[in-house]
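Below is the structure I would like to discuss, written out as structure tokens.
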Amino acid sequence: DSGVTQTPKHLITATGQRVTLRCSPRSGDLSVYWYQQSLDQGLQFLIQYYNGEERAKGNILERFSAQQFPDLHSELNLSSLELGDSALYFCASSVTGLAGVADTQYFGPGTRLTVL
Amino acid sequence: DAKTTQPNSMESNEEEPVHLPCNHSTISGTDYIHWYRQLPSQGPEYVIHGLTSNVNNRMASLAIAEDRKSSTLILHRATLRDAAVYYCILRGVLGSSNTGKLIFGQGTTLQVKP
């Protein structure tokens, strides 16, 4: 158990819909990352938050957005869903959010999103 | 971000050592070498990291070439539970990419045979 929790575990929805994925980081970790894993693209970094502020953006679509709340949990919002958005979405957390030596990332179990 | 190259797959027998190679010829002087692995149906997990010297922890050892252009993750006695995708990742300390994000390649799928 990494200490990172994600809800829900599974999500099935239809095209055009909007969903929210939730992540609670490990106690004491200030940075949260979101990654998408699909069969054809592998693991892709989406976005990072540090202590409530966006820190880095990766290959995140404009239809996707995220935020980190004062209690440090994070939500990833996916809207106007398409079939191609079906994937595993992982949240990770780390202490500092920097590329430093001790900045190990701890991953949650993921949310499997299926868009029908 | 500097790129790494790993074999797509490797096989090992249970209880034998496994050497997983990684090439990173464009590594910069401040890049750390990190290894993560992803067990089936789970999120990635940290394995080990190093800069210049060889490193050991309870999970594995990391051997880094003197010129730092390659490294090898060593599992001393593979178990069935070690069957996973192993990712070698370079993480810089300085510069605009200093955000901590992980850039995953395709990794090496390790199969462990009983």
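The values are calculated or read from the model by the stated rules, or taken from the named source; none is laboratory data. These numbers come from a predicted model, not from an experiment. Methodologically, a virtual Cβ is constructed for each residue, glycine included, from the backbone with ideal geometry; neighbour enumeration extends over all protein chains shown.
Test B:R81 against the criterion of being in a loop (DSSP other than H, G, I, E, B) and away from chain A (no Cβ under 12 Å), and give yes or no.
No.
What number goes with the only condition from (1) aliphatic (A, V, I, L, M); (2) in a loop (DSSP other than H, G, I, E, B); (3) within 14 Å of the chain's Cα centre (by Cα); (4) modelled with pLDDT under 95 that A:A56 does not pass?
Going through the list (1) aliphatic (A, V, I, L, M); (2) in a loop (DSSP other than H, G, I, E, B); (3) within 14 Å of the chain's Cα centre (by Cα); (4) modelled with pLDDT under 95, A:A56 breaks only (2).
For A:T13, only one of the following conditions fails: (1) closer than 19 Å to A:G108 by Cα; (2) touching a residue at least 12 places away in the same chain (Cβ under 8 Å); (3) not hydrophobic (A, V, I, L, M, F, W, C). What is its number?
(1)
Now for a different question. Would a scan of the stretch A:104-112 turn up a residue that is assigned to a strand (DSSP E or B), in contact (Cβ under 8 Å) with a residue 12 or more places away in the chain and within 30 Å of B:L51 (Cβ to Cβ)?
So far as the stretch A:104-112 goes, yes, one or more of its residues are assigned to a strand (DSSP E or B), in contact (Cβ under 8 Å) with a residue 12 or more places away in the chain and within 30 Å of B:L51 (Cβ to Cβ).
In the stretch A:106-115, what count of residues is obtained for those that are of a type in the set (S, T, N, Q) and at the interface with chain B (Cβ under 8 Å from one of its Cβ atoms)?
Residues that pass the stated criteria total 0.
Conditions: (1) over 11 Å from the mean Cα position of the chain (by Cα); (2) under 19 Å from B:Q6 (Cα atoms). B:A60 meets all but one. Number of the miss?
The failed condition is (1).
List pairs: first residue in the stretch B:41-60 and facing chain A (nearest Cβ under 10 Å), second residue part of a loop (DSSP other than H, G, I, E, B) and of a type in the set (D, E, K, R) anywhere in the structure, Cβ distance under 9 angstrom, at least six positions apart or on different chains.
Correct list of pairs: B:L51/B:D31; B:L51/B:R68.
Restricting the search to the stretch A:68-105, which residues are facing another protein chain (nearest Cβ under 8 Å) and at pLDDT 95 or above?
Passing the criteria: A:F90, A:A92.
Next question, about the same structure. In the stretch B:1-56, what count of residues is obtained for those that are buried (at least 19 other Cβ atoms within 10 Å of the Cβ) and assigned to a loop (DSSP other than H, G, I, E, B)?
Result for the stretch B:1-56: 7.
Can I ask one more? For the condition under 11 Å from the mean Cα position of the chain (by Cα) and either assigned to a strand (DSSP E or B) or among the aromatic types (F, W, Y) (or both), what is the one hit in A:L46, A:L11?
Result: A:L46 is the single residue among A:L46, A:L11 that is under 11 Å from the mean Cα position of the chain (by Cα) and either assigned to a strand (DSSP E or B) or among the aromatic types (F, W, Y) (or both).
Shifting gears a bit: B:T109 passes all but one of (1) polar (S, T, N, Q); (2) away from chain A (no Cβ under 14 Å); (3) assigned to a strand (DSSP E or B); which number fails?
If we test B:T109 against (1) polar (S, T, N, Q); (2) away from chain A (no Cβ under 14 Å); (3) assigned to a strand (DSSP E or B), just (2) comes out false.
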